[in-house]
Amino acid sequence: MRILVVEDDVNLNRQLADTLKEAGYVVDQAFDGEEGHFLGDTEPYDAIILDIGLPELDGVTVLEKWRGAGRGVPVLILTARDRWSDKVAGIDAGADDYVTKPFHVEEVLARIRALIRRAAGHSSSEIICGPVRLDTKSSKATVNGATLKLTSHEYRLLSYLMHHMGEVVSRTELVEHMYDQDFDRDSNTIEVFVGRLRKKMGVDLIETVRGLGYRIQAPKHAN
């Protein structure tokens, strides 16, 4: 899953980015409204953390521009504790949730997980596909109760497919959501990761849809 953090406080931006990366997310960073708007308008993100008080272009304006352009990505806004009007303006502009400063990064993580799950149509922190269980809270996966030992890229691949269970996901889409903007992207590596993931899972759940991409879905006989 790929997240954009738009926050002009360098230390806070770095703290959020580091925490998100440790949790298994791919993270891009922006430090002013113009840069944030550009990235959110041109790159595919699974969620965005957006500060309201930004230089160059304020957060509410950035959000209004995204929504006006039809960008439906889930957005979590950061607001000052004593500025209730910012919360109202942010929600009215199209924000999906908000956190007031100062905050615990664990709360931000929990809210981001919830936004991504809801956007994909999942209500629980655990996503189940046949014998495979993905715990988004702990960033761990199991098959028939046995823990899968996955690399960060393998986990990101499985997580994205599980969040979009039953849907055909193209290689390009997987690349866009597994790597940050500065990574040397190569869609051919996706095939390698899929092969490794299939071998580790030991169950035939990931289907190759010729010419289109990949799809994960539970066996038809599964309950």
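Among the residues of the range 2-25, the ones that are open to solvent by less than 10 Å² (accessible area, probe 1.4 Å) and within 22 Å of residue 118 (Cβ to Cβ) come to 7 in all. Sub-7 Å Cβ pairs linking a first residue in the range 99-123 that is under 20 Å from residue 11 (Cα atoms) to a second residue that is in a helix (DSSP H, G or I), at least 6 apart or interchain, are 99/107; 99/108; 99/111; 105/15; 105/16; 105/19; 108/16; 109/19, ordered by first then second residue. Of all residues in the range 74-109, those satisfying the criterion of being out of contact with any Asp or Glu (no Cβ under 7 Å at 6 or more places or on another chain) and among the hydrophobic types (A, V, I, L, M, F, W, C) are 77, 84, 88, 89, 91, 95, 103, 105, 108, 109. Answer with yes or no whether residue 44 is under 30 Å from residue 207 (Cβ atoms) and over 17 Å from the mean Cα position of the chain (by Cα). Here the answer is no, as residue 44 does not meet what is asked.
The values are calculated or read from the model by the stated rules, or taken from the named source; none is laboratory data. All figures in this text were calculated on a predicted structure; none of them were measured in a lab. A quick note on method: Cβ atoms are made from the backbone with ideal geometry, for glycine too, and the neighbour counts reach across all protein chains shown. The protein model used for the area step is the full one, side chains on, heavy atoms only, and it has no ligands, DNA or RNA in it. Shrake-Rupley method; radii C 1.70, N 1.55, O 1.52, S 1.80 Å.
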